[in-house]
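Take a look at the structure set out below.
Readers should treat all values here as calculations from the given coordinates under stated rules, not as data from a laboratory. It should be emphasised that the depicted structure is a prediction, and the values quoted were computed from it without experimental measurement. Cβ placement follows ideal geometry from the backbone for every residue including glycine, while neighbour counts extend to all protein chains displayed.
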Amino acid sequence: MLAMAPHATWAGPRPAPEGMAGPPPIILISVDTLRADHLSCYGYARLRTPHIDSLARGGTLFAEISSQAPITLPSHVSLFTSTYPFANGIRENAQVLPPGAVTLATVLAARGYNTAAFIGGYFLARRYGLAQGFQTYDSPFDARVINGALDLKRPATQVLEGAEHWLERNSGRPFLLFVHLFDLHQPYDAPPAYRARAPESEYDQELAYVDDSLGSFFDFLAHLGLDRRALVVLFSDHGESLGDHGENTHGYFIYGSTLHVPLIFHWPETANSKLETRNPARVEAPAGLIDVAPTVLSFLGIPAPASFCGHSLLDLAKGGDSPPRDVYSESSYAHDKFGWATLRSLRRGDYQYVDAPHPELYDLKRDPAELHNLLPGQASLAASYRERLTALMATYQSPPGITGSTATATVPGAAENLRTLGYLEITSPHATLNDSGVDPKDRVFEYKRYLLAGHLARTGKAEEAAAEFQAILADDPRNLPAYIELARSDVALHRFLDGASRLKAALALDAHNVEAEELLGDIWLAVGNLGHAAAEFRQLLAFAPQDYEAHFGLGLLAARRHQASEAAGHFRAALAANPRSAEAHYQLGLILEAQNDKTGAVGEFQAALEIAPKFPEARRELDKLKSPNH
Ligand SMILES: [Zn+2]
């Protein structure tokens, strides 16, 4: 296979080949969950990644790039908006980037660029708001079970095929193409042919597959001449711990295993290149993904919007000096999930400072695996880093353009979907949970036990799961999610009243916990205690007025009392919260049918079947209404 053509020289701007005038196209490739140190161009020895490496030849490899948050949506939002998670409010998956965001895509679209994105994984689905500015945004995920598997990801070849079809029709005028490959994210399912390439690591098997897929894609780019015309930027949103520091995946800690990501710019050969002759193959200066969007704009000669907080890397790419940067990262996962401390870090030069109840300081040059905490020995150095971290947060707390618009909206149904996926993703940051001052690194055992218990629950071992959750609570009686998960196991075991008492304990810790309140209402509904159910759902609406579960539950209760218009109102409100609920369409259809609104009822049953084609009750009602005898 052809690789990206290495460029022999960078002798300044040259005339563009005929028919290739205009600003260069931009191609961004996000290889989700890719550790920098697993690429051979970053020194990995156990697997070769020749195609990704080929980008670095004739391009610039940034050796020390940190993700601003080791979680998919927050990291991509930070990259595209060039803002920090603490300022833009997107700290977890399943939150929604509010409309009106200023992103690299909106800026380029406003400049007349054709914009398209091809998405490989559910966490960047259109509903989460990153689609802003993209005229095409291909993210066909529903997080439903299809053929026994969850519709969470699609393979690189499929994503890249979509991108190729789009390029065939659209590569003639300036464009921004964003490609997102999700193969390295669990669960692994690389084609069997790749097992031999890395027999001991399913992660590396996926990487070999992704590298090959990119090889074919680069061939395609070369076929269109885009290897020479386009600026191609490859990066990852975060790494993967693979057991480092006791973490298997990503999101919980902020060590290099998940923060250190690849970033490679493959510059176009043609005009407009602002690069001088000294074009280093490798830049060692630490920087962040937050700097990617400003770099692209500065390369194109487009001024960065006022809201962008990152800084162009172009000077560094030209081989010039640039003042050392403060590179900030964070994870509020342990806080949002368990009420433990938020982790924040500052990289500057060779040192990485981690702000936590028991802070850490590492010399990454000598100790890249971050095994030797220099504290308490280097206390004054750590204090100066802490000061810088605080100052950075104060400076960028409210960048112009996103004044105070902290995004806390979440997508309806996302909690259920994500729980089923087993990723323990947080869908509603527990803003009301006080930081208990617990250091996540002191609770990694409990965290893993929690993951194990969740796995047991998802694989039908409710009894064992319940025992694990009880053991977690015996050690940590303030573990709110353990109460909720224990209640779920109780429900699976038909121990409804036990479940209800766990949820009351959860609500005593966080009175506005949507998940606990929803489940408690559902339990009372299941055991036929309709008065209690109505009371819980109303309680829920008091602090979450648009809650789907509450409106749906109250709709069912009103329908039982034959209060048709009240029921219809609640089902409509449920649908406003979650338009993709086949169940709510069906229930509304039944109410309309009872009210003799045949047209309305047919519309609702049809809507239900469009969402869930195998919904036998909806099919039966629709057939009944459409039969000539009706
Ligand atoms: Zn990711």
Please work out the Cα center distance from segment 299-358 to segment 53-105, rounded to the nearest Å. 11
Mind checking which lysines have their Cα closer than 27 Å to the Cα of residue 448? Skip sequence neighbours fewer than 8 apart in that chain. 153, 337, 461, 504
At the level of C-alpha centres, the distance separating segment 571-613 and segment 478-524, in angstrom, is 29
So if I restrict to the alpha-carbon atoms in segment 151-218, what is the Rg, and what is Dmax, the biggest pairwise distance, in Å? 13.7, 45
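Is there a quick way to get the dipole size of the chain? I mean about its Cα centre, with the Cβ of Lys and Arg at +1 and of Asp and Glu at -1; what is the value in debye to the nearest 20?
1100
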Could you list, bin by bin from short to long, the percent of Cα-Cα pairs of segment 573-630 in 5 Å steps? 4, 24, 31, 24, 12, 3, 1, 0
Using label points projected 7 Å from each Cα along Cα→Cβ, tell me how many nm separate residue 393 and residue 378, to one decimal. 2.1
Taking the C-alpha atoms of segment 64-175, convex hull volume expressed per residue in Å³: 130
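Run the numbers on segment 130-245 and let me know its relative contact order in percent, using alpha-carbon pairs under 8 Å that are six or more apart. Intermediate results must be reported in sequence, preceding the final value.
Numbers: 68 pairs, mean separation 20.3, N = 116.
RCO, segment 130-245: 17 percent.
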Per-q log10 I(q)/I(0), the chain, q = 0.05 Å⁻¹ (Debye; single scatterer per alpha-carbon; no solvent): -0.25
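I need the calculated FRET efficiency for the pair residue 596 and residue 546, taking r as the beta carbon distance and R₀ as 30 Å, to the nearest 0.05.
Details: r = 30 Å, r/R0 = 0.98.
That gives a FRET efficiency of 0.55.
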Regarding segment 138-270, what's the average projected area of the Cα-atom convex hull, expressed in nm²? 10.0
Once both label points are put 7 Å beyond Cα along the C-beta direction, the residue 45-residue 111 separation in nm becomes 4.3
Around residue 361, which amide H atoms from residues at least 5 apart in sequence, or from another chain, sit under 5 Å from its own amide H, with H modelled in the peptide plane? 354, 374, 375
Expected vector for segment 325-339, Karplus 3J(HN,Hα) from phi with 6.51, -1.76, 1.60 and θ = phi - 60°, integer Hz, x for Gly and Pro, equals 9, 8, 10, 9, 9, 7, 9, 9, 4, 5, 5, 5, 8, 10, x
Rounded to the nearest 0.05, what FRET efficiency is calculated for residue 363 and residue 496 with R0 set to 56 Å and r the Cβ-Cβ distance? 0.50
Residues in segment 357-389, backbone N under 20 Å from the label point at residue 200 (7 Å along the Cα-to-beta-carbon vector): list them, ranges by number please. 369
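Grab the Cα-Cα distance for residue 617 and residue 371, subtract it from 0.36 nm times how many residues apart they are, and report the gain in nm with one decimal. Before the final figure, lay out each step's value.
Working: separation 246, 0.36 × 246 = 88.56 nm, distance 5.87 nm.
Roughly 82.7 nm would be gained on extension.
Which whole-number percent is the relative contact order of the chain (Cα, under 8 Å, 6+ apart)?
Details: 1228 pairs, mean separation 91.0, N = 630.
Worked out over the chain, it gives 14 percent.
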Per the Kirkwood formula over distinct C-alpha pairs, the hydrodynamic radius of segment 513-630 in angstrom is 14.5
Dipole of the chain (Lys/Arg Cβ +1, Asp/Glu Cβ -1, origin at the Cα centre): which of 531, 556, 267 lies farthest to the positive side? 267
When the Debye formula is applied to the Cα atoms of segment 273-376, each taken as the same point scatterer, what base-10 log of I(q)/I(0) results at q = 0.12, 0.18, 0.24, 0.25 Å⁻¹? -0.55, -0.96, -1.24, -1.29
Projected label distance in nm at residue 458 and residue 161, using a 7 Å step from Cα toward the beta-carbon: 2.7
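May I ask for the percentage of alpha-carbon pairs in segment 540-595 that lie more than 16 Å from each other? Spell out each step's value before the answer.
Values: 477 of 1540 pairs.
Distances greater than 16 Å cover 31 percent of the Cα pairs.
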